[in-house]
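As structure tokens, the structure follows; a few thoughts come after it.
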Amino acid sequence: MKKVLIVIVIIGIGLFVVFNYGSSETDKTFTDQLIELGYSKENAEIVANIVSDNNQELILNFEANDSLIDILSNPDYKEKNLEKYLNYFNKNKVADISDIIVIVNSGYDILNREYSPLLVSLIEEKYFIFDNLDRYLNYSMVQNFSANDIVVNVNCNLDKVMYKDISEANYKDNLLILVNKYFYLSEKYTPSDLTALPNKYSFGSKNQLRKEGADAFMEMSDAAILETISIRNVSAFRNYSYQKQLYDNYVLRDGKLAADNYSARAGHSEHQTGLSLDINTASMAFEGTSAFKWLSNNAYKYGFILRYPKGKEHITGYQYEPWHYRYVGKDAANIIKNENITLEEYYAYYVKKSN
């Protein structure tokens, strides 16, 4: 482009003005300017083809660096996040570019946090909860666990002390109320809709469940009997005082440490919710019965879950109990069954996280 220079001189007032129409800078293409910054012609063309006009100035103010090419070439690159990628890179130049993309794209408020591969691993976990991030990182410093174990364990409060760091259960969670060694029920709590199971569905006097759970249990029992499987309750609702008496007797017999592995302290028993029951017999032998096999394949269809499964003792806080089932409703039971998780895990991610 031909340059035109106009000079106006007004001697009387000493005014000297120069108008320069057309400059060498505006004559240059974006690609030319990138090459001047130090990019190769090939890389400059890559940048020019990807970056929109709105972000050209941002790139020109960024120190020439091959990392820009890596950012733009990443399959998860989003131009709306370009400035955040560059800012995070400038603060964390040791970070892997793919990790920067993950951190920024996550949308979590972590751009001011110091980079670490663990941070990336944590936010990529399915059950990651942003509000627990500081607890995850603190827990990682005292426990040498994988990112998955850190997320699961903290979500289930295993970074806290059982029976010490406790809170009252959220009654508003209704059928999904969580009661364990971290959440307790009031001494006065008794569900208002307890329904007694008829004798054909139950043994003994501990035969009450909340109405929805009772209806679901009778439906499940009726379905099982069609396949010649007998499923009956042996212990459902227990009030606070009864559970206290039961637990205290176990402590006298086996000691507190042992009792805490298989019995809940008063206020911490799921039986007080009116949503749990023991089926057929409170014995490990139940695992070998046709009734247990049937329940393993069908209980979730009626809204029940095996509450204390094998291999999850560190999460539930109790030994494996093949006889103990909990009503949570069909939707929750399906997810818990399909994802092979505990109520603690489900509660953290699907109930508490959504509140």
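The stretch between R113 and S205, if pulled fully straight at 0.36 nm per residue, gains 27.4 nm over its current Cα-Cα span. In this simple spin-label approximation, N338 and Q33 carry label points 7 Å from Cα along the Cα→Cβ vector, and these lie 5.1 nm apart.
Taking 0.36 nm per residue of separation and subtracting the current Cα-Cα distance, fully stretching the chain between A282 and S106 would add 58.7 nm.
Once C-alpha pairs closer than 8 Å and six or more residues apart are averaged by separation and normalised to the residue number of region 209-313, the relative contact order reads 34 percent. In this simple spin-label model, placing a label point 7 Å from the Cα along the Cα-to-Cβ direction at both E79 and E63 gives a separation of 2.7 nm.
Evaluated at q = 0.22, 0.23 Å⁻¹, a Debye calculation over the C-alpha positions of region 270-348 (equal weights, vacuum) places log10 I(q)/I(0) at -1.06, -1.17. Relative contact order of the chain: 11 percent, from C-alpha pairs under 8 Å at least 6 residues apart in sequence. Amide H contacts for E321 (H built 1.01 Å from N in the peptide plane; partners 5 or more residues away or on another chain; cut-off under 5 Å): Y308. Sorted ascending by nearby beta carbons within 10 Å, beginning with the fewest, L118, L185 become L118, L185. The helix-based estimate of mean residue ellipticity at 222 nm for the chain, built from -39,500 (n - 2.57) per DSSP H run of four or more residues and divided by its residue count, is -11000 deg cm²/dmol to the nearest 500. I need the Debye-formula profile for region 167-352: one equal scatterer per C-alpha, no solvent, reported as log10 I(q)/I(0) at q = 0.09, 0.16 1/Å, two decimals. Debye intensities relative to I(0), on a log10 scale: -0.29, -0.98.
In this Cβ point-charge picture (+1 for Lys and Arg, -1 for Asp and Glu), region 167-352 has a dipole of about 200 debye about its Cα centre.
Run the paramagnetic zone check for E227: 7 angstrom along Cα to Cβ, then residues of region 292-329 with backbone nitrogen under 12 Å. Answer for region 292-329: 292-302. Net charge dipole, the chain: roughly 1620 debye, given to the nearest 20, about the Cα centre with Cβ charges of +1 for Lys and Arg and -1 for Asp and Glu. Here region 60-93 is scanned for amide nitrogen atoms under 17 Å from the site 7 Å beyond the Cα of E42 along Cα-to-Cβ, giving 65-74. Exposure proxy for D173, D134: other Cβ atoms within 10 Å of each Cβ, ordered fewest to most, give D134, D173. With the convex hull drawn around the C-alpha atoms of region 59-200, the volume per residue stands at 190 Å³. Its Cα gyration tensor gives the chain an equivalent ellipsoid. The semi-axes, each the square root of 5 times an eigenvalue, are 67, 21, 19 Å from largest down.
Region 240-284 and region 29-79 have Cα centres lying 66 Å from one another. For region 167-352, relative contact order (Cα pairs under 8 Å, six or more residues apart, normalised by length) works out to 22 percent.
Here, each number is a calculation from the coordinates, and none is a lab measurement. This one's a predicted model, so the numbers in the text were calculated from it and none came from an experiment. When we count neighbours, we look across all protein chains shown, and the Cβ atoms used for this are built from the backbone with ideal geometry, even at glycine.
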